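Single-structure report; data block below.
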Amino acid sequence: MATYSIRTSPPLRGEATIHTAKNSVLPILAAALLTGDPVAILATPQLTDVDTLCDLMRSCGCQIAWDDPAETPNVPGATLNLCARELCLPMNDDPMRRMRASILIMGPLLARLGMARVTLPGGCAIGQRPIDQHIKGMQALGAEVALHQGHIELSGRLRGGSVYLDMPSVGATENIMMAATLAQGTSRIENAAKEPEITDLAMFLNQMGARVSGAGSGTIFVQGVARLHGARYQPIPDRIEAGTLACATAIAGGNVLLRGARSEHMRALLFKLQESGVIIIEQREGLRIRGKALQPLEVRTMSYPGFPTDLQAPIMAVACFTPGTSVFLETVFENRYMHATELRRMGARIRVEDRVALIDGGSEIQGTRVISSDLRAGASLICAALGAKGETVVEDPQGHIDRGYERIEQTLSELGVPIQRL
Ligand code: UD1
């Protein structure tokens, strides 16, 4: 449970150091189960999703310890040391029910132990989010799959195989890639996801001795090896955190340096903000965002390099402040407009029809008490609060925001936002 109080923000000033990407760190942590050697993940963000995955991995026998963050004062997050010498099936699958990304331990367990057991994963309620593509991939590598007392049980010695994904699922691509690293022979994943986090995972796996090629394109090849060894790795900066802060700036105006943000991972968002009147300057240290969004937006979410669904909610908050009609189409998840209901309670004029949302921006947005229904919805409400009149109280009864943003109130208050965690 967390509650944030936010008052109308002056223009943002200063700089924010972007944390390491949650969506890179989670699969990379799961990949540490592929070896019995020690693994160190640098600059790991302090997020509850990371804690949840660590709980699950500990229950599989993996030893996990944080280094003291004071030892690396100039780097956000801290080093996480992992060692899965004694690996077993999860003793406690409660974390799996809490977070969808827990499914990422399936591929590594199967590859190393010849068996895996998972429950249907939980997490943000933003659609059906089945795991059929993960299962199909494991079957293509030779796994037998059975349903047993509400668990999915997988077993078998993996061999190289080909899989065509019906949609470029990020998690399924990662799971299959990890499983294939220790399979006998070469595997091919077609219609693979191309997100930067996929390329990051491939780089980490290759540093562990895997032979993955083609990551970042639609076809990934994995040549199986007999064993993987330990590695030390720093994953990429979080393009979604950086994008959220860019949206916050586009609402409040100002001049902000997003230190470490990688513009090449954020093209879709940066083009949209630029079209709307925000000035974007690429600097050696990161991205500078200047000024406010003024023009309405057209946003169609797609898999990478299309506009990321995770930034649809934050940029909808921007659209509430730009005069004119903005048009949104959500193509990735079927139930991802829950923030629209709360934004309406703040005075936004939003009409949702199935996967389309029309936003008539420019009317007065007023602070009130609103509820965060999922991780990015919470971020959207906080962004909207910056431009709202008076005080907004964002209630986050399930603590969604802490799952993906490390101390968001600290990051924003350092940029001048009057925000407090109550
Ligand atoms: C990942 C991200 C999440 C982001 C999403 C889409 C992590 C930890 N999370 O989630 O932040 O919003 O990508 O960019 O990286 N699908 C199926 N069957 C499957 C798998 C997926 O039908 O077996 C569908 C989903 O319901 C969804 C779409 O495919 O409609 C995309 O899902 P997917 O790319 O798998 O998302 P996640 O990996 O769960």
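Taken together, the values in this text are just the output of simple stated rules run on the coordinates, not laboratory data. It should be emphasised that the depicted structure is a prediction, and the values quoted were computed from it without experimental measurement. Using ideal geometry, Cβ is built from the backbone for each residue, glycine included, and neighbour counts are taken over all protein chains shown.
Distance from the Cα centre of segment 249-267 to that of segment 149-217, in angstrom? Cα centroid of segment 249-267 versus Cα centroid of segment 149-217: 32 Å apart. Of all DSSP bridge pairs formed entirely within the chain, close to 75 percent run antiparallel. Taking every DSSP helix (H) stretch of at least 4 residues in the chain, weighting each as -39,500 (n - 2.57) and dividing the sum by the residue count yields a mean residue ellipticity at 222 nm of -9000 deg cm²/dmol. Here, the chain has an Rg and a Dmax of 21.2, 62 Å when only alpha carbons are counted. With one equal scatterer per alpha carbon and no solvent term, the Debye-computed log10 I(q)/I(0) for segment 22-233 at 0.08, 0.13 1/Å reads -0.24, -0.64. Taking all Cα-Cα distances within segment 7-70, those exceeding 18 Å account for 45%. Residue exposure proxy: Leu26, Leu165, ordered by other Cβ atoms within 10 angstrom of their Cβ from fewest to most, comes out as Leu165, Leu26.
When Met167, Met302 are arranged by Cβ crowding within 10 Å, least crowded first, meaning fewest neighbours, the order is Met167, Met302.
Highest-first packing order for the peptide set 278-288, 379-389, 331-341, 97-107 is 379-389, 97-107, 331-341, 278-288, based on the mean count of other beta carbon atoms within 10 Å. Could you size up the charge dipole of the chain around its Cα centre, putting +1 on the beta carbon of Lys and Arg and -1 on that of Asp and Glu, and report it in debye to the nearest 20? Using Cβ point charges on Lys, Arg, Asp and Glu, the chain gives about 440 debye. The Ser217 and Asp166 beta-carbon pair, evaluated with R₀ = 22 Å, returns a calculated FRET efficiency of approximately 0.75. Across the chain, the mean sequence separation of Cα contacts (distance under 8 Å, 6 or more residues apart), normalised by length, yields a relative contact order of 20 percent.
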